[in-house]
Amino acid sequence: MNLISYIVRRLLLMIPMIIGITIALFVVTRIVPVNPLAVILTEKSMDNPASVKAATEKWGLDKSLPEQYFIYLKNLVQGDMGISFKTKNPVTKDIITFLPATIELGIASFIFAILLGLPLGIFAALRAGKFIDHFSRVFALLGASMPPFWSGLLMLFLFYYKLGVLPGPGRVDARIGPPTHATGLFLFDSLLAGDMPAFWSSLSHLILPAIILGWFTLALMARITRSSLIEVLQQDYIRTARAKGLRESAVVVKHALQNALIPMVTIMGLAFAGLMTGAIMTETIFAWPGIGRYAVEASVNLDYPALMGTTLVIAILYMFMNLIVDVLYAVIDPRIREA
Amino acid sequence: MKVPRTLLYLLLVVCFAMSVVGCQPPAAETPAAPEAPAATQAPAAEQPAQPAPTEEPKPVTAEDLPVLVMAMRLDDVVTLDPGYAGETTNLTIHINTYDTLVDFRPDDLTNMVGRLAESWENNADFTEFTFKLKPGLTFASGNPITAEDVAFSWNRMINIAGAPAWNLDGVTAVEAVDELTVKVTCAEPNPAFLSIAANPSLGIMDSKLVKEHGGTDAKDAATTDTAKEWLDQNSAGSGPFTLVRWSPKSEIELVANMTYFKGAPKFGKVIIKHVEDPTTQLQMLQTGDADLIGQLDSDLMEVAQADSNLVITTDQTLDMNYLAMTSNCKTEISPESSALLCDKRIRQAVAYGIDYDGLIQSVMNGYGVRAPSIIPLGILGVDPAKTWGRDVEKSKALLAEAGHADGITLDYYYASNATREIVAAKVKNDLAEVGITLNLNPMEQSVYLSEMRAQKLPMAQGGWTPDYLDPTMWTDYFALGDRSVAFRMWYKNEKATELAMTVRTNMDRAAREKAIVELQDILIDDMPYTMLWQGVGIHAHRNTLTGYKFHPVWLVDFWELAPVE
C-alpha cells in the first residue's frame, strides 16, 4: 500500500540522517579545545603520569580522529554507545536510567497542556475580544514568559511551603520510596506492583513540575488553536453552514474545529518531542532525575560518549515524531493522501 | 462524529509514543529483592499478619527504628564503588557504609584513633606500615574481617587505577602477614600514609562478597573487575549502614547494620535525597520532610534562625578558595600578564590590594575566615595571628617599586559560576583602587580545568577541599614544584620544596611544625597564591535530632545521630 511504502522509505532515509548526525556531532565535540582527561581524571591523579597514560589508552584518546570515529560507529551499529567518561557506565545504561523520569514528566506536561490549552484556545476564538479571550491571552503570556526557575520556585513556595497542599521536590515521598522497578515510570510501576501509596505520592509529585514544564506548550497550543480557529470561522463554508441554518454548536464542532485542528498536529508532534527531551530548569528545581540534566552535564564536562548518545537519542526521537506527524496528516487529511 | 475521531488520533499519538519509549528493555540490573544482609526489609504486604507471639522479646530490627531523611546535593556522585569514586559526596556515603582502619573523630581532628585497627606501627623511615586488626569483627554480610580483606581492598584500588587510586600512589605492596596483620610497603618514605588510611575511600571491603560479584584485585583489575555495577547499588563493608539503593541524581538509601561492632545505629534507614536549590532544602527541613540538610546557604540564615524547630551550627571547614598567580614569565595564554606576574612584587601587590574582609562580608555574609597562607587554619603550625589583610599603600608601593607606578593590566581566569562571578567582580573592583586593571575571563569548567592543568593560565581562581587530615594535603600540592597546583602555576622554590619534603618525610611533630611555620613565611613572601577565604560551614537540622557533629572530610556520621526521646 501507498502509506506503508511511504513509511518504509522514510525509515530507510533515517539511516543516512543518523550517520550525518554522528559525523556532525563528532566533529563539533572534538574541535572544542578541551582535554577530556581533565574530566576523566581527578585533580590529584593528573599528577601521576602512569594514570594519565593508562586513561589515554583506555579511552582510545591516543588514536587518530577518523579511527576513533569508525570505532564509535562500529560499536553503535551493535547498539553500544560507549562508556561515559564521567559516570564510567555504559551510556545506554545511563540513558535507560534517566529517560523514564523524563518520559513520565513529559507525558504529564503534554496531557496538562492539551487538556487546558485546546479548550482555552477554542473558547478564546469563539469569544474573541471577550473576557475569556483576554484571560487566555494573559495566561498564555505568563506561561511563555515566566522562566521555570522562577515560576517553579514560586509555586513550590506557595503550594508546598506555605499552603502545604502539594509535595516538595523529587519523584516520590522519601519515606514512601519508589515502587519496585519494572519500567522506571513510577505511576506505571506502582500500579503494576499494586503499591497505592507510591502511586498517589508519585502522582502528586508530578503535578507541579508538569504544570511548570507544560505551561509553555499550553500557551503555544492555546494561541495557535485560537488563531487557526478564527481563521477557519471566516471561511466561506462556515458561512454556508450557518446559512443552512445549522446550530452554532454543530458549525463549530463539525465544520470549523476539525479543520482548525489540522495544523495543531504538527505543533503537538514537535511540542511532544520537545517535552520528551527533558527540561534542565524544571528538572533542577524539582530534583527530577531526567535526561535533560544528564545531557547538560555531558556537554559541560565534554563527556564525548554521553554527549553523542543523548544527542542521538533526542535526534531519533524528533525524527520519529516528524514521521508520525506526517503519517497522521495523511490519515486526517485526504487531500494529502491523494497528492 | 468526526471530531472525536480527530481526538482519537491525537490520543493514538500519545499512546504510540508511550509504548515506543515505555517499552525500553527493563534495566538489566533490575534489583531482584535486595539481599540486604542485615535487615530483611520485606514489605508488610508480603508478610502474612503474624499472630502475636510474645513469649520472647522480639529482637529490634531495622524496621522498628525511625527513618532519617537528609536533603543535600548529590549530583556529584557518579559511582559508589570505592575503587572508582573520587568526588566529595561519596565520602559521606562511604564513611557510613565502610570502616577504615584508622579514624579522626569529629571531636578531635588531630589525634588518630583505631577503627578496624587495634594498633599500628611503622619502621623508622616510614616505608613500612603494619596494622593489627581488632579480633572478632565481621562485615554486615557476616563474613569475618581479615587482613586478606584489607589487602584485597587496597590492591583492587591500586590495580583498577580509578579516580581514588592516588591515595595509594607509591604503595608497592599490601600483604596479609597473618589473619589479623597487614603490612603496607611504600617505595619512598610516606609518613602521611597513616592519615591517608583514614580517608573513607580506603574503607575495607568484604573480599568474599565483592569477588562473588565479579570483583578482583589482580594486576589487570582495570579491565577484568566487573563488580562496579553491583557496588553502585550495594555496599560490601562493615559500617553502621548498608547501601541498598542508589538512584542517580535522586536518592540514596541506607539500611542499618544491626550487628555493627560499635552498636546498632539509632535509625533503621537513612534516605539521602538530592535537592539542588538551597531554599528548597531549607523548606523541606522546616516542613519536616527532611531531618537535616547538607549545608545551609548563608543568605538563608535569618529565615532559619527564626524557626524554633531548627538547630543551626556553624563549623569551620578546611575548604579553601584561593587566587593563584603564575611564576612563569611566559605562559601560553596571556604572556603579557605572566611577564608582569613572574615578578614577586607584582604578585604581592595583587595580594595586598584585595579587600578580604569586605569579600567575606559581602559574598559569604561573614561566614568565612582567613589563614596567613594557603595552609588553612586548624592545621599544625598555622597561627591565626599571622594573618594579614589589605594594605593599599603597601600594594601601591610594591607596584611602584616594580616600575609600574602608573598601573598595570592583568588577565584573570576562572570557571564561571554564581559565586565566582561575584568574587571576581569584587577582586576587580578592589584592585582597580590600587591601579591594577583586571580583565575578567570566565570560562566553562572543563575548559578552565584543561587550561589550568596544562599550566597555561597566568592567574586563576580555584578551590581546595581535603581528602585526609594531614598537613601534606596542602604542603605537597602547593609547595612541591612538581605537584598539582604548584606545578600548574609554575611555582618552584628550592627552600619551599625542602621544607615541604621535611613535612612529608619527618614524622616528628615539632620538626614538622617548625617546617610548616617556615614554609608559610616563604609562601607569604613569594605569594604564588593568596587565600581568599576559608569556608565556615553552616549546618542545620531539626531539633528532633541529636548527636550531630560536623566533620571536615566526610560531613556526618549517621551512626552518631539519634532521635530525641
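The values are calculated or read from the model by the stated rules, or taken from the named source; none is laboratory data. Remember, it's a predicted structure, so these values are computed and weren't measured experimentally. We place every Cβ from the backbone using ideal geometry, glycine too, and count neighbours over all the protein chains shown. Ligands, DNA and RNA are stripped out before the accessible areas are found, and what is left, the full protein with its side chains, is counted by its heavy atoms. Shrake-Rupley method; radii C 1.70, N 1.55, O 1.52, S 1.80 Å.
Remarks
- Solvent accessible area, Å² - B:S141, 1.4 Å probe, full protein context: 40 Å²
- Solvent exposure ordering (accessible area, 1.4 Å, most first) of A:I280, A:I230: A:I280, A:I230
- On the protein assembly as shown, 60 percent of the accessible area sits on carbon and sulfur atoms, based on a 1.4 Å probe.
- Other protein chain C-beta atoms within 10 Å of residue C-beta, averaged over A:163-174: 5.
- Computed FRET value (nearest 0.05) for A:Q234 with A:L115, which takes r as the C-beta separation and R₀ as 22 Å: 0.20
- Value of relative contact order over chain B, rounded to a whole percent, pairs C-alpha under 8 Å and six or more apart: 17 percent
- For the range B:353-448: rounded, prolate or oblate by the Cα gyration tensor [a/c cutoff 1.5]: oblate
- Across B:E63, B:E212, the residue with the most accessible area heads the list, and the full order at a 1.4 Å probe is B:E212, B:E63.
- Taking label positions 7 Å along the Cα-Cβ direction at both B:E212 and B:E513, the computed distance is 5.0 nm, reported to one decimal.
- Remark: for residue pairs B:K183/B:K386; B:K426/B:K456; B:K249/B:K456; A:K88/B:K456; A:K88/B:K492; A:K63/B:K219, the C-alpha separation exceeds 30 Å in B:K183/B:K386; B:K249/B:K456; A:K88/B:K492.
- Label point distance in nm, A:A243-B:E87, each placed 7 Å from Cα along Cα→Cβ: 6.9 nm
- Shielding by partners, peptide B:228-239 (average Cβ within 10 angstrom, other chains): 1
- Coarse-grained scattering of the protein assembly as shown at q = 0.04, 0.05 Å⁻¹, given as base-10 log I(q)/I(0) from a Debye sum over alpha-carbon atoms: -0.22, -0.34
- Relative contact order, whole percent, for the range A:119-194 stands at 12, derived from Cα pairs under 8 Å and 6 or more residues apart.
- For chain A: relative contact order, % (alpha-carbon pairs under 8 angstrom, 6 or more apart): 25 percent
- Projecting the alpha carbon convex hull of chain B along each direction and taking the average yields 34.6 nm².
- Computed [θ] at 222 nm, helices only, for chain B once each DSSP H run of length n ≥ 4 contributes -39500 (n - 2.57): -9000 deg cm²/dmol
- For the range B:199-309, accessible area per residue (1.4 Å probe, heavy atoms of protein chains only), Å²: 32 Å²
- Efficiency of FRET from Cβ geometry, A:L65 and B:N506, R₀ 56 Å, rounded to 0.05: 0.70
- Where labels lie 7 Å past Cα in the beta-carbon direction, separation of B:D383 and B:N417 in nm: 3.5 nm
- When chains B and A come together, the accessible area they lose, probed at 1.4 Å and totalled over both chains, is close to 5800 Å².
- Once the Cα gyration tensor of the range B:316-537 is diagonalised, semi-axes √(5λ) in Å: 25, 19, 18
- Our helix-only sum for chain A, with -39,500 (n - 2.57) per DSSP H run of n ≥ 4 divided by its residues, gives a mean residue ellipticity at 222 nm of -23000 deg cm²/dmol.
- Counting only protein heavy atoms and using a 1.4 Å probe, the accessible area of B:K386 comes to about 80 Å².
- Chain A - Debye-derived log10 I(q)/I(0), Cα point model, q = 0.11, 0.15 Å⁻¹: -0.91, -1.29
- Per-residue Karplus couplings for the range B:392-407, computed as 6.51 cos²θ - 1.76 cosθ + 1.60 with θ equal to phi - 60°, are listed in order as 4, 4, 4, 4, 5, 4, 5, 4, 5, 4, 7, x, 10, 4, 8, x Hz, Gly and Pro entered as x.
- Additional length obtainable on full extension of the chain from B:N143 to B:T224, 0.36 nm per residue less Cα span: 26.8 nm
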